[in-house]
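Below you'll find the structure, written out as structure tokens, and then a few comments.
The values are calculated or read from the model by the stated rules, or taken from the named source; none is laboratory data. Values in this document were obtained by computation on a predicted structure and should not be read as measured data. All Cβ positions, even for glycine, are placed from backbone atoms using ideal geometry, and neighbour counts span all protein chains on display.
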Amino acid sequence: VIVASVALSTMVSNDMLLPWLLRHKNAERPFEVFRHWMLSVRRVTIVVILLLAYVSYRLLGSTASLATIGQIAFAAVTQLAPAMLGALYWKQANRRGVFAGLATGTFIWFYTLVLPLIAHSAGWPLSLFPGLTWLHSNPLGLSITPLTQGVVLSLAGNFTLFAWVSVLSRTRVSEHWQAGRFIGQELSSHPSGRSMLAVQINDLLALAARFVGEERAHQSFIRFAYRQGKGFNPNQNANGEWIAHTERLLAGVLGASSTRAVVKAAIEGREMQLEDVVRIADEASEVLQFNRALLQGAIENITQGISVVDQSLKLVAWNRRYLELFNYPDGLISVGRPIADIIRHNAERGLCGPGEAEVHVARRLHWMRQGRAHTSERLFPNGRVIELIGNPMPGGGFVMSFTDITAFREAEQALTEANEGLEQRVAERTHELSQLNQELTDAKGVAEAANQSKTRFLAAVSHDLMQPMNAARLFSSALSHQDEGLSPEAQKLVQHLDSSLRSAEDLISDLLDISRLENGKITPDIKPFALNDLFETLGNEFTAQAQEQGLSFRVRSSRLRVSSDIKLLRRILQNFLTNAFRYAKGPVLLGVRRRGGELCLEVWDRGPGIPADKLQVIFEEFKRLDSHQTRAEKGLGLGLAIADGLCHVLGHSLQVRSWQGKGSVFSVRVP
């Protein structure tokens, strides 16, 4: 009895009480206090086990044999079988179903097996308990004992409630991942016919921890609960504010649109596979780590010290040279450190010049908040001369570069001293400086000439490349018409070759147009023409592409006449339509509207839309917005830049409107 009591108390305390203690504040107490507390709990557990054993003996010991008690105990243990089998072989099994099944099975086990023994020991007739007399009369006429009958009924009730509740209740995010580890990678794709239960904060925490790390997610959720003025309770149902907080936390990893899709799929249990969600996050994390490593490698291998401050005036990046120049103590430089702390540290060391430290801090923070570029020099106590150059970043924040110009200043000082002591060398030094200035002027002229040469070279190369590219297109076209002499595989390769040549030709044409725009060699031929002719040409050109992509393409023309260069205007609309077909998931419309004394030529699409803060970026050269919804065609990001440049040449107004998730409309106004 003693050995059994100690063993049971050890199992209860280690497997039930100790995990609970480690999750609560008791785990933060000193070890000695925790140890004594745990010993007291174990002793109390031994007393409770002995009391329960005595109660069982008083209730069952006089009427049931040891074998009967053992069989009843094994029947109780078998109630765990449905939950164990479901956990190993059924992905839709969840915690609520297990609890419901165990509760039902335990109740039937107690009612059909334990209660008759208690009634017999107390002298109570079975007729006092509904159904027991009927069950003990073997209503099915089977040759089974009441014990076997009770086991079968309890297991049947256990399994039925386990399966029913699991099907009708929502499987939590953590349960999906646990099921995937044991059963495989494919989650159940049979959604419940009823609405899903409310998502808990713990589910959102598990989802966020998988993407941004457990510590960061946990700290973020605690801070959010503190800002809400509430205690952090992971088992509480999450409202819209918690879901929005989770989306904001994941947006830095997945992007806003992907985050919304991921969170919505996870909390609603839609068709999106959670393994796919994890794969998206892993790929995004790999890209982020690669870009960060690339950037860090670039700034680590330059001779200047670099520090980068974000919009909140907190340090986010630096290089090794920056640490070497200022010799900061350990622990001072870290991500998220307010730049005010670093400026104050430098001012207290005398690195910012004479004056109070707080005055230096306030002045530099004012420059950064105003987004003003500045240049200054600082003489360090060790004799070093450091040049500081600060430049604001377009999206907010500040970049500081620190260059050790000690050698340059020493040379300058030596030159000054020589000029002061030797008047006869003034002319020589003046002449040398004049030569240096002339060399700088010549170098500037050479640089400008090189830039012009680059532009001419780009135009010449683009023009020369077009000739062999056109020849290659002719050869591939001729080869594609030899249907009888080519195998299906060869015909497919010819089609791919022709598509690749066409893409290369478009890219070279874009480069040629950009070079002509930079040189100002495009002279418009403005004259009136019928708008219907232009729209008919574009309709014929893009109808085949629309059919190939399975999209609806409509043209709404007009019989009015406009005054413009038909070739340049056609190129502008071509670029609009090319972008529309590249991003659109639905119909594309080319139409015209009257706006006062002008006509507004518009291209509508049902693409993913453009964020409001990116509406100007898309018109910059070599700028493309990343989207997982784009088609296979790729470009250099020059189409809209060319369209914008041509509009400036023609004197037309270019406008863009966009609605995220709904589509965009590009328009140009023509007199």
Which pairs have Cβ atoms under 7 Å, sit 6 or more apart or on different chains, and link a residue in segment 408-430 that is in contact (Cβ under 8 Å) with a residue 12 or more places away in the chain to one that is among the aliphatic types (A, V, I, L, M)? Arg409/Val385; Arg429/Leu415
Pairs, please: C-beta under 9 Å, at least 6 apart or cross-chain, first residue touching a residue at least 12 places away in the same chain (Cβ under 8 Å) and in segment 529-543, second assigned to a helix (DSSP H, G or I) and charged (D, E, K, R)? Leu534/Arg570; Thr537/Arg570; Leu538/Arg570
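Only residues that are outside any helix (DSSP H, G or I) and aliphatic (A, V, I, L, M): list them for segment 357-376, please. Spell out the reasoning first.
Filtering segment 357-376 down to residues outside any helix (DSSP H, G or I) leaves 371-376.
If the condition is that a residue be outside any helix (DSSP H, G or I) and aliphatic (A, V, I, L, M), then Ala373 is the only one that fits.
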If I go through segment 56-93 residue by residue, how many of them are of a type in the set (A, V, I, L, M) and at pLDDT 75 or above? 13
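With the condition kept exactly as written, say whether any residue in segment 317-331 is assigned to a loop (DSSP other than H, G, I, E, B) and in contact with a helix residue (DSSP H, G or I) (Cβ under 7 Å, 6 or more places away or on another chain).
Pass one, segment 317-331, residues assigned to a loop (DSSP other than H, G, I, E, B): 319, 327-331.
Filter again for in contact with a helix residue (DSSP H, G or I) (Cβ under 7 Å, 6 or more places away or on another chain), leaving 319.
Scanning segment 317-331 turns up at least one residue that is assigned to a loop (DSSP other than H, G, I, E, B) and in contact with a helix residue (DSSP H, G or I) (Cβ under 7 Å, 6 or more places away or on another chain).
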Residues of segment 295-344 being touching a Gly at 6+ places or on another chain (Cβ under 8 Å) and among the acidic types (Asp, Glu), in sequence order, are Asp310, Glu324
Of all residues in segment 597-619, count the ones that are modelled with pLDDT of 80 or more, within 22 Å of Gly651 (Cβ to Cβ) and either touching a helix residue (DSSP H, G or I) at 6+ places or on another chain (Cβ under 9 Å) or among the polar types (S, T, N, Q) (or both). 4
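Just name the residue that is surrounded by the fewest Cβ atoms within 10 Å (Cβ to Cβ) out of those in segment 620-661 that are at pLDDT 70 or above and more than 27 Å from Glu598 (Cα to Cα). Step through it out loud before you land on a result.
Going residue by residue through segment 620-661, those that are at pLDDT 70 or above are 620, 640-661.
The next check asks that each one be more than 27 Å from Glu598 (Cα to Cα); those that pass are 660-661.
Values: Gln660: 14, Gly661: 10.
It comes out as Gly661.
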When segment 353-392 is checked residue by residue, the ones that are out of contact with any strand residue (DSSP E or B) (no Cβ under 9 Å at 6 or more places or on another chain) and touching a residue at least 40 places away in the same chain (Cβ under 8 Å) are Leu365, Arg369
Segment 538-577, subset over 35 Å from the mean Cα position of the chain (by Cα) and among the small types (Gly, Ala, Ser), residue farthest from Arg593 (Cα to Cα): Ala544
Of all residues in segment 302-325 being within 23 Å of the chain's Cα centre (by Cα) and not β-branched (Val, Ile, Thr), which is nearest to Gly371 (Cα to Cα)? Gln311
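Yes/no per residue for (1) within 12 Å of Val309 (Cβ to Cβ); (2) in the same structural domain as Asn346 (by TED's automatic domain parsing); (3) surrounded by 14 or more Cβ atoms within 10 Å (Cβ to Cβ):
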{"position": "Ala362", "(1), (2), (3)": "no, yes, no"}
{"position": "Leu365", "(1), (2), (3)": "yes, yes, yes"}
{"position": "Met368", "(1), (2), (3)": "yes, yes, yes"}
{"position": "Ser376", "(1), (2), (3)": "no, yes, no"}
{"position": "Gly396", "(1), (2), (3)": "yes, yes, no"}
{"position": "Met400", "(1), (2), (3)": "yes, yes, yes"}
{"position": "Ala407", "(1), (2), (3)": "no, yes, no"}
I'd like to check something: does segment 452-467 contain any residue that is within 30 Å of Leu351 (Cα to Cα), at pLDDT below 80 and not small (Gly, Ala, Ser)? no
Candidate set: segment 186-243, residues that are assigned to a helix (DSSP H, G or I) and among the basic types (Lys, Arg); chosen: the one modelled with the highest pLDDT: Arg223
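Is it the case that some residue within segment 174-181 is outside any helix (DSSP H, G or I) and either outside the structural domain of Val55 (by TED's automatic domain parsing) or at pLDDT below 80 (or both)?
The first filter runs over segment 174-181 and keeps only residues outside any helix (DSSP H, G or I), leaving none.
No - not one qualifying residue is present in segment 174-181.
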Of residues in segment 2-48 being surrounded by 11 or more Cβ atoms within 10 Å (Cβ to Cβ) and among the hydroxyl-bearing types (Ser, Thr, Tyr), the one modelled with the lowest pLDDT: Ser13
Close pairs from segment 157-171: first modelled with pLDDT of 80 or more, partner among the basic types (Lys, Arg) and part of a helix (DSSP H, G or I), Cβ under 6 Å, at least 6 apart: Val165/Arg96
Look at Gln616 and say whether it is loosely packed, with under 14 Cβ neighbours inside 10 Å, of a type outside the set (Gly, Ala, Ser) and under 16 Å from Asp644 (Cβ atoms). yes
